[in-house]
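Okay, structure first, notes after.
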Amino acid sequence: MKLCKKMNLSKIEKAVFCVSILIAAFFALTPSTSAMHIMEGYLPVGYSIAWSVVALPFVVMGVMRLQKTVSENRRTLVLLAMSGAFIFVISSLKIPSVSGSCSHMTGTGLAAILFGLSTTSVLGVIVLVFQAILLAHGGLTTLGANTFSMAIAGPILTILLFNAGKKIKLNKMANVFIAATLGDLFTYCVTSIQLALAHPSEVGGVAESTVKFLGVFAPTQIPLAVVEGIFTVLIIMGMEKYAARELSELSYAEAV
């Protein structure tokens with residue numbers, strides 16, 4: 001509560017903030033299972049290093065961008081915190097899939113739409129580190145690969161689709177839904193390719209292995225992506241009502 005007073009939050013913002021903490025704490029205490037984040041030690045060392053190198057420039061750029069955003073627009077701190085909490089909570093909800101694995105939503109579409117790619121990559125890294133340490137969800141050795149798929153590749157498609165929707169004057173909320181939904185699905189396509197590159201099939205190689213990995217997660221991931229799209233729309237609708245001033249400081253306002 002002291003933190004809420006320091007941040008000068010409204011009653012609605014305090015309620016949302018407290019609920020997010022309770023939900024996050026609840027799922028932090030649940031038992032871990034094998035999940036779609038690539039697990040610790042599942043990638044060869046070379047692949048782990050390679051994906052980390054690819055993801056690093058985005059994260060570095062994101063740190064600089066984040067510092068600039070916060071220094072210029074202090075009011076956006078609330079939206080940043082909510083976006084980060086949304087990614088943590090929603091990507092911690094693991095739904096059993098086939099072959100003893102799990103699927104889950106990503107939550108990065110919201111941050112991508114509000115803040116852009118670089119900031120989203122930083123939020124994604126923070127969430128992935130906490131999940132790896134607290135939930136055994138993903139891993140530190142696979143942090144680069146998971147960051148690229150969930151916090152870079154998925155958000156890139158989300159942003160491209162969202163900007164394309166603005167150009168053709170697509171309904172705003174329909175645009176948000178499509179961008180967030182397909183961005184979620186693209187994350188899993190990229191993850192499947194990452195796994196296939198590291199573990200190609202003996203017959204058919206990388207292509208065959210990619211198809212197999214996609215087939216494992218498709219039955220549960222498609223409906224989850226739709227649910228994430230709906231959640232993203234609902235949250236943005238709430239932000240437009242209770243945090244319109246903060247939203248006006250972001251590039252998202254161009255779509256309003």
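The values are calculated or read from the model by the stated rules, or taken from the named source; none is laboratory data. Remember, it's a predicted structure, so these values are computed and weren't measured experimentally. Ideal geometry is used to build each Cβ from the backbone, glycine not excepted, and the neighbour counts take in all protein chains shown.
Within the range 241-256, if we keep just the residues that are at pLDDT 75 or above and of a type in the set (A, V, I, L, M, F, W, C), the residue that is surrounded by the fewest Cβ atoms within 10 Å (Cβ to Cβ) turns out to be Ala244. Of all residue pairs spaced 6 or more apart or on separate chains, those with beta-carbon atoms under 7 Å, a first member in the range 130-151 that is closer than 20 Å to Phe115 by Cβ and a second member that is among the aliphatic types (A, V, I, L, M) and modelled with pLDDT under 85 are Asn146/Ile38. Could you tell me whether any residue of the range 129-142 is surrounded by 24 or more Cβ atoms within 10 Å (Cβ to Cβ) and in contact with a Pro (Cβ under 8 Å, 6 or more places away or on another chain)? No. Of the residues Lys68, Lys94, only one is among the basic types (Lys, Arg), surrounded by fewer than 24 Cβ atoms within 10 Å (Cβ to Cβ) and touching a Ser or Thr at 6+ places or on another chain (Cβ under 7 Å); which? Selected residue: Lys94, the only one of Lys68, Lys94 that is among the basic types (Lys, Arg), surrounded by fewer than 24 Cβ atoms within 10 Å (Cβ to Cβ) and touching a Ser or Thr at 6+ places or on another chain (Cβ under 7 Å). Residues in the range 144-179 that are surrounded by fewer than 20 Cβ atoms within 10 Å (Cβ to Cβ) and polar (S, T, N, Q): Asn163, Asn171.
Among the residues in the range 167-175, are any under 27 Å from Ala55 (Cα atoms) and of a type in the set (A, V, I, L, M)? Within the range 167-175, none of the residues are under 27 Å from Ala55 (Cα atoms) and of a type in the set (A, V, I, L, M).
Counting only helices (runs of 4 or more DSSP H) that sit wholly inside the range 133-240, those with at least 2 residues that are over 15 Å from the mean Cα position of the chain (by Cα) are 154-167, 172-198.
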